[in-house]
1. Can you work out the PRE-style zone for Leu204? Point 7 Å along Cα to Cβ, and I want the residues of the range 57-78 with backbone N under 13 Å.
2. With r as the distance between the Cβ atoms of Leu368 and Ala106 and R0 = 45 Å, compute the FRET efficiency 1/(1 + (r/R0)^6) and round to 0.05.
3. Need one number: nm distance between label points at Tyr426 and Lys26, each 7 Å from Cα along Cα→Cβ, rounded to one decimal.
4. What nm distance separates the two modelled labels at Ala194 and His346, each placed 7 Å from Cα along Cα→Cβ?
5. Determine the gain in length on full extension of the stretch Leu438-Ile172; use 0.36 nm per residue of separation and subtract their C-alpha separation, reporting nm with one decimal.
6. Taking all protein chains in place and a 1.4 Å probe, what share, in percent, of the accessible surface of the chain do carbon and sulfur account for?
7. Top to bottom by accessible area (1.4 Å), largest first, where do Trp313, Trp192, Trp410 land?
8. Using the Karplus equation 6.51 cos²θ - 1.76 cosθ + 1.60 (θ = phi - 60°), what ³J(HN,Hα) coupling, rounded to whole Hz, does each residue of the range 93-109 give in order, writing x for Gly and Pro?
Amino acid sequence: MAEKQNSKERAEVAASDEALESMGYKQELKRALSVKDMIVYGLIFMVPIAPFGIYGGVFDGSGGMPALVYLIGMVAMIFTALTYGVLSREFPMAGSVYGYVTHGVAKGAGFMAGWAILMDYLLIPTMLYVVAAGAMNGMVPGIPVWAWSVIFIVINTFVNFLGIEATKIVNIVALVLELIVLAIFVVVGVWWVASSPDSHGFTLQPFYNPSTFNISLVMGAVSLGVLSFLGFDGISTLSEEAEDAQKGPSRAMVVSLLVVGVLFMLQTYVAGLISPDGKVFANDPDNAFYLVSQVAGGKGLYVMSALATAISWGFFNALVAQTALTRILFAMGRDRMLPKALCAVHPKTKTPYIAVLFVGVVSLVLVLIFDQLGTEAIGKLVNFGALTSFAVLHLTVIWHFYIKKKTGDWLNHLVLPIIGFVIIAYVWISLDPASKTLGLSWLAVGLVYYLILHFALKRDTQLNV
């Protein structure tokens, strides 16, 4: 049985290498990830306890219906996950959005899509470090926020440098720990709701409250809550390290998204039952979830929830976010869209080590710059980059398959991408004006940079497209 399994894995690796070479690229990274490994990666990237850190903003923004926000967010993202799956099977490469649009539409469009997703991946670690460092500073005031950020960044950069297998081990440990914390909160919370005289009992209010429901407000909250789902797409950046690059990433993206969506709804539903009016955290929305935890489980549950958020966001989530960013930089450097040094692969660890070190330095600089903005402001900027690139992906499927290749598959290559595009566009419109202004400014800078590459340096003419 074991020999048969090994034979299957070798065949998958060989087919994946052949598919990559057919696009004009040489296999350089180490193929060491199974579908299970990528599901774990996706779960850690999305963080099973992600709502802990932004619960106050989601609750207030939705009129006390946090579970509804995550239900809508999951439905919205499932269409995008299916689109990612279609493109990852067609183009099994590490560049994710950049590679898909480059090979599916055109070089310039691919660069701009990659530039948009870079905004997402550059700022995700920044936001995570700010949240984690703030939580740790609250528990250990003697160590300043910036010092905690440095500690997190140095450790994650080192683990990423060691290679994808080291990251895989850390991810498994992280997932187990996060699920234990989540299980404790849910069990204690349900017991409190069922037995406390202060409880309002089990209701559907966290999903629907007719007295506060407003679709515009809810969608505004979705634009923040959807941040928790960003990460399933990071699986696509691991295609060149997947044993089965053509089927593995697509399966892992859908499974991880569905699993984490259920977990998000479960924890926000229980939290919404414990404090349905939000009075517990009215004066301290940044620590909303921890204060709700304290109601159900005392100071011990408060500390455990805050510590779990700090470690999960500052170490585990930021680790996989940096991993995804380095793979995009690797792909864009390989195509000379960014400095070529970013695609340098270490001979022993088989990692794009220059990109890893570069991301560590950039993360440190961004943390120091954005520390005063707050997580909600950074999160909306992250969402601009992600939502913009997601919208382009849906259009890419329609163009590449239905129009260019004339597949005739109207469901997968036309209807589903259109539905996904409309949903993403609606959430994009719900972003606040400041986020759109800054995001469009980022795209304008990228456009100028690309025009210089195209007309002055002729870099994009070297792509194998």
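1. Counting only backbone N, you get 68.
2. According to the calculation, E is roughly 0.75.
3. With each label placed 7 Å out from Cα toward Cβ, I get 4.9 nm.
4. 4.9
5. Here the segment from Leu438 to Ile172 would lengthen by 92.1 nm.
6. 69
7. Trp410, Trp192, Trp313
8. 9, 6, x, 6, 3, 4, x, 5, 6, 4, 7, x, 10, 6, 4, x, 4
The values are calculated or read from the model by the stated rules, or taken from the named source; none is laboratory data. Since this is a predicted model, take the numbers as computed values, not measurements. In this analysis, Cβ positions are derived from the backbone assuming ideal geometry, glycine residues included, and neighbour counts consider all displayed protein chains. The accessibility values were calculated without ligands, DNA or RNA, using every heavy atom of the protein model including side chains. Shrake-Rupley method; radii C 1.70, N 1.55, O 1.52, S 1.80 Å.
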